[in-house]
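Any read-out appearing in this document is the output of simple, stated calculations on the displayed coordinates, not a laboratory observation. Bear in mind the structure is a predicted one, so any value in this text is a computation, not a measurement. Don't worry about glycine lacking a Cβ; one is built from the backbone with ideal geometry, like all the others, and counts go over all protein chains shown.
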Amino acid sequence: MPVYSMTGYASAQHSTAAVTESENKPPPGQLGLEIRSVNSRFLDLSFRLPEDLRQYEPALRDLLLGKLKRGKVEVRASIEMGAASSIADPSPRMLQRLNAVQDNVKAWLPTAIPLSVADVIRLSSAEQSGTRDWGACVLPLADKTLKALLDARQREGARLSGMLLDHIAQLRTLAQQAVPLIPQLVEQNRQKFLARWKDAMALTDGATLPEAAQDRALTEATALPSALT
């Protein structure tokens, strides 16, 4: 049966396909997911997701609860959007909206500065970057990352198990080396105890050590060391 550590880390990425200039689709992007786990007595889940992925937190939580039992686990996600070309191509609909908004603003604020080409490109890129649906790839990517985390925790558990077995082997070697010394230590303890017992009995009325007291003293002196043999 494999041993799992509570410490582990895994990450995975999913990249969307690039689009051509003729396609009316969002620009390509990359979804990144990281799962980090450290020691904890109970299972403690925390999520750091961008706003576009907040709706998937319950499903991600259920996925982790089905595979993990203990540990402080943190899930991080990031979205990086690219561009279909070096310069974003605003749609005619968007240009019409910007022109109407600009005319309305200038009607109230005649001294307002008109939109520049850079402003239009920036607004177009911002609009395109927020229209992608990540629902089809979030959970499969999370499942892939979770499997990688479990593999990492199993490898760490195997390493810790090996260390513990090495320490146990060293302790057994030391115990075997100590076995021949136990009789000598028991005898030394016996002689020391008898000497102190005789000194104590000499202070009472009569210096003779009763046989029964001597037998009891020897029993008490050797009980604990004998249990180690």
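Extension gain for ARG190 to LYS144 (0.36 nm times residue separation, less C-alpha to C-alpha distance): 9.9 nm. Counting neighbouring beta carbons within 10 Å and listing from fewest to most, the residues PHE42, PHE47 come out as PHE42, PHE47.
Among THR145, THR7, THR173, THR111, the order by Cβ neighbours within 10 angstrom, fewest to most, reads THR111, THR173, THR7, THR145. Residue separation of LEU164 and SER11 scaled by 0.36 nm, minus their Cα-Cα distance, works out to 52.2 nm of gained length.
A simple spin-label model places the labels of LEU174 and SER91 7.3 nm from each other, with each point 7 Å out along Cα-to-Cβ.
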